[in-house]
Each structure stands twice: as structure tokens, then as C-alpha cells.
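Before anything else, here's the structure in question.
The values are calculated or read from the model by the stated rules, or taken from the named source; none is laboratory data. Here the structure is a predicted model, which is why all the values come from computation and not from measurement. Cβ placement follows ideal geometry from the backbone for every residue including glycine, while neighbour counts extend to all protein chains displayed. Accessible surface is based on the protein model in full, side chains and every heavy atom, while ligands, DNA and RNA are left aside. Shrake-Rupley method; radii C 1.70, N 1.55, O 1.52, S 1.80 Å.
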Amino acid sequence: MRLVLLGDPVAHSQSPEIQRAALAAAGLLGFYEARRVDEAGLYRAIAEIRAGDFRGANVTMPHKRTAAAAADRLSAAAGRCGAVNTLVGEGGEVVGHNTDVGGLRTAWEQAGLSAEGPVLVLGTGGAAAAVLIAVEGRDIAIAGRRAGAGGALAAAVRVRAVEIPWGRARPGAVVVNATPVGMEGESLPPGLVEEASGLVDLPYGSGPTPAAALARRRGLRVVDGLDHLVAQAALSFELWTGVPAPRAAMEAAARP
């Protein structure tokens, strides 16, 4: 079984280690590689999946929306998000899924974050779309650097949310950072974490992001990028293999 990660950048990703550990723990023969691709490279890789050369793929930034357009069919969650992070070859077709939605819900529950109360979503891309759907029905605010983009995204995924300016804090909200801010050691705008009741920080790098470190110092419940990565990776693994994901092995590989 051949699997591949498609994106740009991919060198930082823990996905290969996580999925290789999962294959080994499940006793499955296979290999998972990372491939840095532009849009044309993404389409070539999708053709390889369609031809049966790969069983499937994970898709990361900046190609999640393009992958949704390129897939032959979409799951309900992927269709609503307009973004795909998992591709599965099925009978000569490529089916696009979005495990970010289910992965976020799983990681949120495991961290003991509040099931009620306000949420502040940062970002207006494919990851933010998945977040909006995952927390649908709550009191949601969304903020992006470009005015109007947050409201447009909420309307596109049919989730009720109020757009607020980038950098404005929302006291008592769980802050969900669905932007790349923090991947290279950048900090979120001041006040956002300080006024939060919890943090979901999707970026990850070689160590804790400044936002995650600050939230933990303040005693907040935190879902960091690796927590979410493992949760969504487990769902991807199950789509490709049809067997339960060995989550303990995947978690150990994510945090060696």
C-alpha cells in the first residue's frame, strides 16, 4: 500500500512518521512518503491515485481547496468545506474527504474543552472552514486579515458566525487558530490568548508555538497542532485501510 502527503511545504510534517508507525503497528505492508508539489504536481499525483499507483494521500497547505475541485467525488464534510485533506482511490475514482472536521471534534473532547460557550475562529481558508463546521451551533465569531473574508467563508459553509476585526479579543471564548501563525515562531495578536477560555492551535513546528506555550502558562486547556494532527490522521488511516487506527502508536510517533 503506497500513500503520500501532498503540499508545500512538507519537510516539517510529522505525517510520514505517524502513518508509517500506524502501518507497522497494524501489521500492514505499506509506505508513506512526503511529496512537495505545486498545483500541477497535485493533479499528477491525483492521476496516480486514480490509476492505482497510490492507495491514497493526505493533502496539506496550500492545496486543500484545489484537491476538492480535482477529486471525482466528495464526502459530505468535504463538499461542505470545499476543502479536502484526504484522498482515497476507489474503483478508478478519487474520493475526497475532510478528516479535519472529525479530528477536531475528537481532539476537542479529549482535551476537555468546553462543549458550550463562545468560539473565536482565526483564519478564512480550508482549515477554518472545517473548524466552522466542527463547532457549528455555538456562538461563533470569525476573524481574518482581509475584511469580509470571514463572513464570506461562514456563508459558504452555511454556518452562522459573526465576523470581527483581526486581532480583536473575545473574552471567554475558545480561540481556534486555523492560520499558519505560529509555525515559524510568530505570536498571535496580543490579548487573544490572554482573554481566552481555551486554545486550539492548529499550526505546529519543532516545538510549542508561542500561543500554545502562553495558554499553558495561564492554565488553559489546549489542543495543539500535534493533538489535532494525530486525531485527523487516525481517521485518514481508517479510510485507507478499513481497520481501526492504532492511536497509541501514532501519538508516540508524533511526540518522539
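Please go through segment 215-241 and give me each residue that is farther than 14 Å from Thr86 by Cβ and either aromatic (Phe, Trp, Tyr) or free of Cβ contacts under 8 Å to residues at least 24 places away in the same chain (or both), ordered by number.
Of everything in segment 215-241, those that are farther than 14 Å from Thr86 by Cβ and either aromatic (Phe, Trp, Tyr) or free of Cβ contacts under 8 Å to residues at least 24 places away in the same chain (or both) turn out to be Ala215, Arg216, Arg217, Gly219, Asp224.
Pick from segment 54-95 the residues that are of a type in the set (Ser, Thr, Tyr) and within 25 Å of Met183 (Cβ to Cβ): which of them is modelled with the highest pLDDT?
Across segment 54-95, the extreme among qualifying residues is Thr86.
Would you be able to tell me the number of residues in segment 57-84 that are assigned to a helix (DSSP H, G or I) and open to solvent by 60 Å² or more (accessible area, probe 1.4 Å)?
Total meeting the criteria: 3.
Kindly indicate whether any position in segment 96-113 is without any contact (Cβ under 8 Å) to a residue 40 or more places away in the chain and among the acidic types (Asp, Glu).
Within segment 96-113, one or more residues are without any contact (Cβ under 8 Å) to a residue 40 or more places away in the chain and among the acidic types (Asp, Glu).
Continuing with this model, one more query. Kindly provide the set of residues from segment 1-47 that are among the basic types (Lys, Arg), farther than 20 Å from Ala71 by Cβ and exposed (fewer than 14 other Cβ atoms within 10 Å of the Cβ), ordered by number.
Across segment 1-47, the qualifying residue is only Arg36.
Yes or no: Arg168 within 21 Å of Ile140 (Cβ to Cβ), touching a residue at least 60 places away in the same chain (Cβ under 8 Å), surrounded by fewer than 18 Cβ atoms within 10 Å (Cβ to Cβ) and not acidic (Asp, Glu)?
Taking the combined requirement at face value, the residue does not satisfy it.
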